[in-house]
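The values are calculated or read from the model by the stated rules, or taken from the named source; none is laboratory data. Note that the structure is a prediction, hence the values are computed from the model and not measured. As a convention, Cβ positions derive from the backbone with ideal geometry for all residues, glycine included, and neighbour counts pool all protein chains shown. We work out accessible area using only protein heavy atoms, side chains counted, and drop any ligands, DNA or RNA first. Shrake-Rupley method; radii C 1.70, N 1.55, O 1.52, S 1.80 Å.
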Amino acid sequence: YYDAPPSKKKEYKERNPKFICDPHKLKQPCVVYSFGSWDETSFEIGIDKITNSKCQVHTFDPAKLPPASIADKFHFVTHNTGIAAKDDGKYKTLSTIMNELKHDHINIFKIDVEGFEKQALPNIQATGLFQKMDQVAIEFHSVELMKQGMDILVQEGFQMVFARREDRCQKCTEVTMVRM
C-alpha cells in the first residue's frame, strides 16, 4: 500500500492510493505493469519506494503519460500504448506487449482503463496470461463489470484480498486479488 506524503500529492498527481499484498516479498526479477496511468504516478512511485527500485515498472497509457522527469526519478518506463482485445494502432493485446518487452511473468498487474477491462480481461483469460501473474489490482467501472471480472479472476485462481469503493467514481470499485 502506498500513499504519497501530503507535501508530494500535487507533484506526484496522486488521486488514490493502491493496495498491493506483501510488496517486500516480490520474487525477482520483479515486473510490474500499470495500465491506465493518465499522468497519475503515485502507484509507480510507490512501487519504486517500497521495493527500493528493485522492480521493472512499466506504465501504459495511449492518451496521457507522466513527465519523463518523474519516470526517470522513480525508475519506471512509459509506453504510449493501451491494452485491448486485439492489436490496433496504439492499442495492443497483453500478449503482444509481453512479447515486445520479452517478459514471461508479471508480479503485479494494475489496470484502470475506464471500462475497457470488459474487452481486455476475456482476452487475457483466453490467452492463458493470468497464469503468468501473481497479483491483479483493478478498478472496475460498474457493478456488472466487477461481477464479470471477478468471475474471470476467480476462475483463474485469484482470491480477493482488498476491495473499496473509489471515492472519485460512485460506480467504481478497486479490487486487489492474489494467486493463492
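Odds and ends about this structure:
- Any hit, segment 159-167, residues being part of a strand (DSSP E or B), open to solvent by 70 Å² or more (accessible area, probe 1.4 Å) and touching a residue at least 12 places away in the same chain (Cβ under 8 Å): yes
- Per the conditions (1) within 26 Å of C30 (Cβ to Cβ); (2) touching a His at 6+ places or on another chain (Cβ under 7 Å); (3) open to solvent by less than 60 Å² (accessible area, probe 1.4 Å), the sole criterion not satisfied by K132 is (3).
- Residues that are open to solvent by less than 20 Å² (accessible area, probe 1.4 Å) and farther than 13 Å from T93 by Cβ, drawn from segment 116-129: E117
- Pick from segment 18-39, criterion surrounded by fewer than 20 Cβ atoms within 10 Å (Cβ to Cβ) and closer than 22 Å to I83 by Cα, ranking: modelled with the highest pLDDT: C30
- Tally of residues being in a loop (DSSP other than H, G, I, E, B) and open to solvent by less than 10 Å² (accessible area, probe 1.4 Å) across segment 168-180: 1
- Filter result for P67 (open to solvent by 40 Å² or more (accessible area, probe 1.4 Å) and closer than 17 Å to F140 by Cβ): no
- Checking H141 against (1) surrounded by fewer than 18 Cβ atoms within 10 Å (Cβ to Cβ); (2) over 24 Å from D22 (Cα atoms), the condition it does not meet: (1)
- Taking residues in segment 94-115 that are at pLDDT 95 or above and open to solvent by 10 Å² or more (accessible area, probe 1.4 Å), and partners anywhere that are of a type in the set (K, R) and part of a helix (DSSP H, G or I), the pairs with Cβ atoms closer than 6 Å and at least 6 places apart or on different chains are H105/K132.
- Output for segment 71-93, where each listed residue is outside any loop (DSSP other than H, G, I, E, B) and open to solvent by 20 Å² or more (accessible area, probe 1.4 Å): D72, K73, V77, T78, H79, D88, Y91, K92
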